[in-house]
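Everything below concerns the one structure shown next.
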There are 2 protein chains.
Amino acid sequence: MSGKRSPARRPTMKDIARHAGVSQSAVSFALNGRPGVSEDTRDRVRQVAEELGWRPSTAARALSGEGAATVGFVLARPADTLGVDSFFLQLVSGIQEVLAERHLGLLFQVVEDVADECAVYRRWWAEHRVDGVLVVDPRTDDPRPDLLDGLGLPAVVIGGAPDVRHPGLSTVWADDAGAMASVVDGLHALGHRRIVHIAGLPGLAHTERRVRTLRAEAERRGLPEVRSVTTDYSDAAGAAVTRRVLRGDAPPTALIYDNDVMAVAGAAAAAELGFAVPADVSVVSWEDSALCRMVKPWLSALSRDSVEFGRTAARELTALLDGGPARAVRVPVPRLTERGSTGAARDV
Amino acid sequence: MSGKRSPARRPTMKDIARHAGVSQSAVSFALNGRPGVSEDTRDRVRQVAEELGWRPSTAARALSGEGAATVGFVLARPADTLGVDSFFLQLVSGIQEVLAERHLGLLFQVVEDVADECAVYRRWWAEHRVDGVLVVDPRTDDPRPDLLDGLGLPAVVIGGAPDVRHPGLSTVWADDAGAMASVVDGLHALGHRRIVHIAGLPGLAHTERRVRTLRAEAERRGLPEVRSVTTDYSDAAGAAVTRRVLRGDAPPTALIYDNDVMAVAGAAAAAELGFAVPADVSVVSWEDSALCRMVKPWLSALSRDSVEFGRTAARELTALLDGGPARAVRVPVPRLTERGSTGAARDV
DNA sequence: TTTAGTGGCTAAAGCGCATTAGGGTCACCG
DNA sequence: CGGTGACCCTAATGCGCTTTAGCCACTAAA
């Protein structure tokens, strides 16, 4: 009835104090569970706050030293690269789940490269915008841990190996090395001797881990014709590299792709070249998603629970925000879901 | 040398004032381009601020009435639904581009349904967290415009039709009706008479628009065997519906899918059933992405520039934040990129 | 009876900024 | 030579919250 045309005013603690007939400080004590008010008053205040639909102004909270109730997440990828990638949305969705419970906001930003990412961290810190950040795509020789350490910004590195040089940062990681070893193991058992690993971006920590492990495994088994090729993760690169290696002399009999997009594109490229999957060449995707079940044959893939990965990372960050110690948490080794794209190596 | 172990302190305007030998107010005037200081002083203050790496505390800014310098974006989708969807990441990336220029943050949240989404808006508003929001997936009978209007929270609805009932909200929309008409036109010209539209979620405004238009076009041309089937956008649903309609009597000769994921899954399902694409059945995807070029034949698709779509939406929102009037902006009609999946209808 | 607590509350200060109301100083006009 | 702006600048206030200091009444101990 009252013509609610003018945008409603936000209720403040002052309003609550007035309605409840107490001082602002009493309201603050009551609402924050601090001693200094009787249970009676506390209940009354709580009730009034509820009725008024009061919520603490994050700005005011942040200003009086309580932190911004927000964590940051920066994705450093050129716009066109983040096309068909299920990993990040799932990761974020898991992160959200945990953050939402604690009413923590997620400040999200997409930038071009790591330098820009660092700039964003500096800005966020100076602007007092976030209490902590989640860092993805760790690199070999990464400037971010040093920066965040210096700023004193709590952070969880997602996908990096435990970093002894930065005891302030938590790490959540998957055992790529172990997974790679087991994949090579499986392929070797199937008779594969010539294996090419179509890797992701060079410089990324997990790319390097996989590449190193593959090389080590190959040496251990005495397989000279096993190697990695780095790419930019795009479908185009996946297809291009596939064509190149299959056209060479003594083409590989097994291909390991670092993501689903390249695996699908690569499998298609192989088929075009007349290589049957898996009769002529086996294909493994290091990322499972609906994509892997959209092509014929379905692609064998390493599955990991990206949503849970996100949850774990967020939990580590909240623990850090609560003053807990930094930790290195390993999530379960991704396991290979065998589908139709892997089989015994053709006799050479 | 000075043992920078303790996390650096954020410089404040007080620090600048001290270094520059002026009052805080002078600093404020200087830094915000307000009159009241000489150009000399202004430059000096700017320089000091620069040296100290000062950035305004958003908390303090927000508290003194300047807004939170942040806009919100809520995605109401169950976690497992947001798998292989290139649209949102691209949209967000476009949004970011515009927001970053103005140093506006993007608060991002994933929730289960629209009710939760509304709760998030209320909370954000009460907590003074955002200055405006971007709303996606508008529905028929949507509670959000009313809510946002009531809260006085500036908002841009992405993908909705212009809404005369909420003159406070801007709208950025694509002409689905026109696009649908032109697709039907093209298929009709190729001889197709039995067309099935495998649509997205019922209740979504653009789904309804497309469904309505398709029906109208069919009636206009006297095609009784043209219809829409709604789904949940998943690959599974796309494949299932495809199988169902192709197995029926008088199967359709053309299929229009509301997204790329369903189109690819559907095309695969058709192939499995022995329907050659496009000889037996033509396939059109209402979303273009790398996915469409990962299958054989490549899928004809309606391409729109999602990144630009995001930019446009963000620009409208910033205009709104600047006090500009609400507008309804139409982005270019998506155009059909003809690829190998569409062809003349087989003689019936 | 005084003294020391103690529980329940209020007043006041401070966080970092924007903004309003003045307070000097100088040049210019009458 | 006093008056009047214009120009630069400072002091002080408020935004909504947390927190410290302190007040008052009442009880328990000395």
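Descriptive notes on the structure:
- Computed with a 1.4 Å probe over protein heavy atoms only, the accessible surface of the protein assembly as shown comes to 42 Å² per residue.
- Top of A:16, A:256, A:95 by mean-square fluctuation, Gaussian network on chain A, Cα under 10 Å: A:16
- Of A:44, A:244, A:227, the one that fluctuates the most in a GNM where chain A has Cα springs shorter than 10 Å: A:44
- Gyration tensor over alpha-carbon atoms, chain B, equivalent ellipsoid semi-axes in Å: 51, 20, 17
- Remark: mean inter-chain Cβ contacts per residue of B:29-39 equal 0, using a 10 Å Cβ-Cβ cutoff to other protein chain atoms.
- A label point on residue B:33, set 7 Å along the Cα-to-Cβ line, lies at 4.6 nm from each of its counterparts in the other copies, closest listed first.
- GNM remark for chain B: springs join alpha carbons under 10 Å apart, and the peak mean-square fluctuation among B:306, B:64, B:285 falls on B:64.
- Using a 7 Å Cα-to-Cβ projection, residue A:219 label spacings across copies, nm, ascending: 7.5
- In the assembly of identical copies, residue A:18 has its label point, taken 7 Å from Cα in the direction of the beta carbon, separated from the corresponding points by 3.9 nm (ascending, one decimal).
- Fully extending the segment from residue B:219 to residue B:271, taken as 0.36 nm per residue of separation minus the present Cα-Cα distance, adds 15.7 nm.
- Rounded to the nearest 0.05, the FRET efficiency derived from the C-beta distance between residue A:122 and residue B:102 at R0 = 22 Å is 0.80.
- Overall form of the stretch B:176-303 per C-alpha gyration tensor (a/c, 1.5; a/b vs b/c): rounded
- Beta-bridge orientation, chain B: approximately 10 percent antiparallel, per DSSP, counting only bridges with both partners inside.
- Scoring B:31-42, B:147-158 by mean Cβ neighbours within 10 Å over their residues and listing the highest first yields B:147-158, B:31-42.
- For the stretch A:102-111, 3J(HN,Hα) per residue [Karplus equation, 6.51 cos²θ - 1.76 cosθ + 1.60, θ = phi - 60°, Hz, x = Gly/Pro]: 9, 6, 9, x, 10, 8, 10, 9, 9, 10
- Top positive-direction residue, dipole computed over the protein assembly as shown with Cβ charges, set B:171, A:166, B:250: A:166
- The charge dipole of the stretch A:86-211, taken about the Cα centre with unit charges on the Cβ atoms of Lys, Arg (+1) and Asp, Glu (-1), comes to about 280 debye, rounded to the nearest 20.
- Seen from every direction in turn and averaged, the convex hull around the alpha carbons of the stretch A:266-348 projects onto 7.1 nm².
- For the stretch A:13-55, size of Cβ-based charge dipole, Lys and Arg +1, Asp and Glu -1, in debye: 180
- The protein assembly as shown shape via C-alpha gyration tensor axes, a/c threshold 1.5: oblate
- Note on residue A:329 and residue B:296: their simple-model spin labels are 4.5 nm apart, each label 7 Å out from Cα toward Cβ.
- Dipole moment magnitude, nearest 20 debye, chain A about Cα centre, only Lys, Arg, Asp, Glu C-beta charged: 700
- Label-point separation, residue B:115 to residue B:141 (7 Å along Cα→Cβ), nm: 1.5
- The stretch A:251-306 versus the stretch B:165-227: alpha-carbon centroid distance in Å: 36
- Positive-end residue of A:29, A:147, A:48, charge dipole of chain A with Cβ unit charges: A:48
- Taking the DSSP bridge list for the protein assembly as shown and keeping only pairs wholly inside it, about 10 percent are antiparallel.
- Shielding by partners, peptide A:203-210 (average Cβ within 10 angstrom, other chains): 0
- For chain B, calculated [θ]222 nm from helices alone, where every DSSP H run of n ≥ 4 adds -39500 (n - 2.57): -13000 deg cm²/dmol
- With contacts taken as Cα pairs under 8 Å and at least 6 residues apart, chain A reaches a relative contact order of 17 percent.
- For the stretch B:40-113 versus the stretch A:103-141, the spacing of their alpha-carbon centroids is 11 Å.
The values are calculated or read from the model by the stated rules, or taken from the named source; none is laboratory data. This is a predicted model, so every value here is computed, not measured. In this analysis, Cβ positions are derived from the backbone assuming ideal geometry, glycine residues included, and neighbour counts consider all displayed protein chains. Note: accessible area is taken over every heavy atom of the protein model, side chains too, but ligands, DNA and RNA are not part of it. Shrake-Rupley method; radii C 1.70, N 1.55, O 1.52, S 1.80 Å.
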